[in-house]
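Quick note: the coordinates plus some simple rules give every number you see, no bench work behind them. Everything quoted here is computed from the prediction, not taken from an experiment. Counting neighbours? That spans all protein chains shown, and the Cβs are built from the backbone with ideal geometry, glycine included.
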Amino acid sequence: MSAVHYDSYTEARAHFKDLLDAAEHGRVATVRRDSATTAVVEVERLRGFLASIVPSRAQVVAEAGGWSVFIPGLPVAADGASFDEAISEMIDALREYAEDWQDRLLDAPGHRDNWGLVQLVSLSDDDQLRAWLVGTGQ
């Protein structure tokens, strides 16, 4: 099976299994609707790719008997009594930001370019986000 392209959602719906099979195998799988073409990508493949190209840039600072975590350029920060607690709080803060982005920030100047980060956060479990934040893997 090679790439699959469907020129309408009706055509894609009729070949939905083929569309999903192609995506799961890493093949190009697209659906066209009106003037937009949408790619279908298997979640772990997309999440792994995003983790490799979206740097966390998280800064962790020991201060006042605890730890603070922030990501420059994002309105996201967290504190904790321990390093692990601060990272856990940052994961929660990232999840809240991703929800806010989906609800109201996706078209806001200064936020619209955070699409990749929001996708990464939304597609990752807590362990995957922890590894991304501290730079121990994808």
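Highest mobility in the GNM of the chain, judged by mean-square fluctuation with C-alpha springs under 10 Å and restricted to Val60, Val28, Val69, is found for Val28. Among Glu11, Glu85, Glu96, the largest mean-square fluctuation in a Gaussian network model of the chain, built with springs joining Cα atoms closer than 10 Å, belongs to Glu11.
What separates the Cα centres of the range 60-138 and the range 36-59 is a distance of 15 Å. Taking other Cβ atoms within 10 Å as a rough exposure proxy, Arg130, Arg47, Arg13 sort from fewest to most as Arg13, Arg130, Arg47.
Under a 5 Å amide H cut-off, with hydrogens placed 1.01 Å from N, Leu74 pairs with nothing among residues at least 5 apart or on other chains.
Pull out a ≥ b ≥ c, the square roots of the eigenvalues of the alpha-carbon gyration tensor of the chain, then state rounded if a/c is under 1.5, prolate if not and a/b is larger than b/c, and oblate in the remaining case. The shape class here is prolate. Farthest toward the positive end of the dipole of the chain, out of Val60, Val76, Ala29, is the Cα of Ala29, where the dipole comes from beta carbon charges about the Cα centre. Our helix-only sum for the chain, with -39,500 (n - 2.57) per DSSP H run of n ≥ 4 divided by its residues, gives a mean residue ellipticity at 222 nm of -13500 deg cm²/dmol. Taken about its Cα centre, the range 45-134 carries a charge dipole of about 480 debye when Lys and Arg each add +1 at the Cβ and Asp and Glu each add -1 at the Cβ.
Computed from Cα atoms, the angle from the helix 43-53 axis to the main principal axis of the chain rounds to 50 degrees.
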